Amino acid sequence: MKILKIAGIVVAAIIVIIIILGLLAPSDYVAERKIVIDAPKELVFDQVKYWRNWKSWSPWAEQDSSMQVTIKGVDGEVGAIYSWVGDPKKTGSGEMTNTGVQPGKELLYHLHFIEPYDGNADGWMRLRTVEGAKTEASWGFSGDMAFPMNIMLLFTSMESMMSDEFDRGLTLLKEVSEKQYTAASPYKVEEIEYPATTFAVIRAEIPVPGLHDFFMESYATISAAMGRAGARMAGAPCGLYYTWDEQNNMTDLGAAIPVNRAFTSDAIETVILPARTAYRVDYYGPYEGVGPAHTALSLFLAQHGLEQIPPVIEEYSTDPQKEPDQSKWLTRIYYFGE
């Protein structure tokens with residue numbers, strides 16, 4: 001009985017100590033880490049704003065190859081949700097909800113851990129220009145730790161517990177952003193006056209992998225219809241891109257041929273683009289490498305406070321059947337903005 005009494009006193013003392021420590025320990029926490037990236041903040045913000053891009057620099061995605069990610073809602077806008085399910089011993093499961101966006105400056109999100117434990121926090125990624133055109137990225141989160149887990153905050157900080165992951169993520173963000181900026185830098189954007197143009201167009205929403213077949217079939221259909229209508233080609237074949245949905249790997253586009261006059265056909269619509277200011281980049285090479293040229297144009301518009309107006313035009317100036325050297329293939333890309 002004496003042993004049981006002593007054991008009871010010890011247990012009671014431990015409980016009292018835990019309660020006291022819990023009362024003394026802070027319940028709220030803040031953790032934040034920073035890095036300087038040699039790229040404009042408008043470019044870095046595209047990596048931060050879209051959940052689909054987080055997989056390329058997330059330290060947890062790097063640690064857990066089994067992690068499955070689902071994006072719900074309109075990626076890049078308030079309310080979009082990034083959900084993940086991974087190894088319970090590494091990343092567990094949870095979700096992040098976009099709660100606020102300041103273009104080029106800040107992403108706010110709410111973080112909900114589901115497994116291996118339930119918890120909530122509010123996170124942010126903030127960007128500011130430093131040292132000319134460089135970007136300082138600040139990644140952090142804050143929250144409350146419930147009793148008795150908050151006792152650990154007496155002995156260590158949340159920042160010290162998370163610093164390795166945050167630092168690794170910021171390092172990966174730096175690498176991805178600087179690589180993208182280096183690839184886009186050689187392309188010089190030219191401001192031009194785009195002439196009023198009449199196009200014969202077949203428009204559809206298709207998976208991105210189906211682009212080649214769509215263009216080949218559509219151009220053949222348009223060419224045959226032009227012959228029947230007595231219309232003439234007035235420029236190089238083009239793609240008119242109205243949307244490019246990377247989240248679902250879909251695009252809404254038109255296979256288009258400039259024509260000297262409008263004509264009617266069941267499968268073909270007439271699109272007339274008015275004369276207006278455009279921003280152009282000339283890209284030489286196989287189509288698969290056109291991405292950095294688009295990045296250069298998107299960055300130019302963002303840095304000049306211009307909102308992109310669809311469609312984006314890709315003008316395929318070189319006939320592959322006449323020029324076998326892909327490095328000489330010219331694609332002229334036009335963006336409109338206001």
Margin query: Out of everything in the stretch 107-118 that is in contact with a Gly (Cβ under 7 Å, 6 or more places away or on another chain) and in a strand (DSSP E or B), what residue ends up being surrounded by the most Cβ atoms within 10 Å (Cβ to Cβ)?
Written below: Tyr109
Note to self: Return the pair list, or none, for Cβ contacts closer than 6 Å from residues in the stretch 107-123 that are among the small types (Gly, Ala, Ser) to residues that are surrounded by 12 or more Cβ atoms within 10 Å (Cβ to Cβ), at least 6 apart or on different chains.
What the structure shows: Gly119/Phe113; Ala121/Leu111; Ala121/Phe141; Ala121/Gly143; Gly123/Tyr109; Gly123/Leu111; Gly123/Phe141
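Results for (1) out of contact with any His (no Cβ under 7 Å at 6 or more places or on another chain); (2) surrounded by fewer than 18 Cβ atoms within 10 Å (Cβ to Cβ); (3) part of a strand (DSSP E or B); (4) assigned by TED's automatic domain parsing to the domain that holds Glu307, shown as yes or no for each residue.
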| residue | (1), (2), (3), (4) |
| --- | --- |
| Val44 | yes, no, no, no |
| Gln47 | yes, no, no, no |
| Ser66 | yes, yes, no, no |
| Glu77 | yes, yes, no, no |
| Tyr82 | yes, no, yes, no |
| Pro88 | yes, yes, no, no |
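Tally the residues that are over 24 Å from Gln308 (Cβ atoms) and either aliphatic (A, V, I, L, M) or not assigned by TED's automatic domain parsing to the domain that holds Ser218 (or both), restricting the search to the stretch 231-276.
To start, the set of residues in the stretch 231-276 that are over 24 Å from Gln308 (Cβ atoms) comprises 231-234, 259-268.
Pick out the ones that are also either aliphatic (A, V, I, L, M) or not assigned by TED's automatic domain parsing to the domain that holds Ser218 (or both) and you get 231, 233-234, 259, 262, 267-268.
Residues that pass the stated criteria total 7.
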Checklist line | Qualifying residue in the stretch 191-207 (condition: modelled with pLDDT of 95 or more, out of contact with any Phe, Trp or Tyr (no Cβ under 7 Å at 6 or more places or on another chain), part of a helix (DSSP H, G or I) and within 18 Å of Glu314 (Cβ to Cβ)) | finding: no
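Can you work out which of the residues in the stretch 285-319 that are aromatic (Phe, Trp, Tyr) and either in a helix (DSSP H, G or I) or loosely packed, with under 15 Cβ neighbours inside 10 Å (or both) is modelled with the lowest pLDDT?
From the stretch 285-319, those aromatic (Phe, Trp, Tyr) are 287, 300, 316; that's our starting set.
Applying the additional criterion that residues be either in a helix (DSSP H, G or I) or loosely packed, with under 15 Cβ neighbours inside 10 Å (or both) yields 287, 300.
Numbers: Tyr287: 91, Phe300: 96.
Per the criteria, the residue is Tyr287.
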Next item on the list: Look at the stretch 85-105 and say how many of its residues are at pLDDT 95 or above and under 17 Å from Gly169 (Cβ atoms).
Entry: 1
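Inspect the stretch 94-116 for any residue being of a type in the set (Gly, Ala, Ser) and under 18 Å from Ser177 (Cβ atoms) and give the result as yes or no. Before the answer, list the steps.
We begin by selecting, within the stretch 94-116, every residue of a type in the set (Gly, Ala, Ser); these are 94, 100, 104.
If we keep only those that are under 18 Å from Ser177 (Cβ atoms) too, we end up with 104.
Checking the stretch 94-116: at least one residue is of a type in the set (Gly, Ala, Ser) and under 18 Å from Ser177 (Cβ atoms).
The values are calculated or read from the model by the stated rules, or taken from the named source; none is laboratory data. From a predicted model like this one, the values you see are computed outputs, not experimental measurements. No Cβ is skipped: glycine too gets one built from the backbone with ideal geometry, and neighbour counts run over all protein chains shown.
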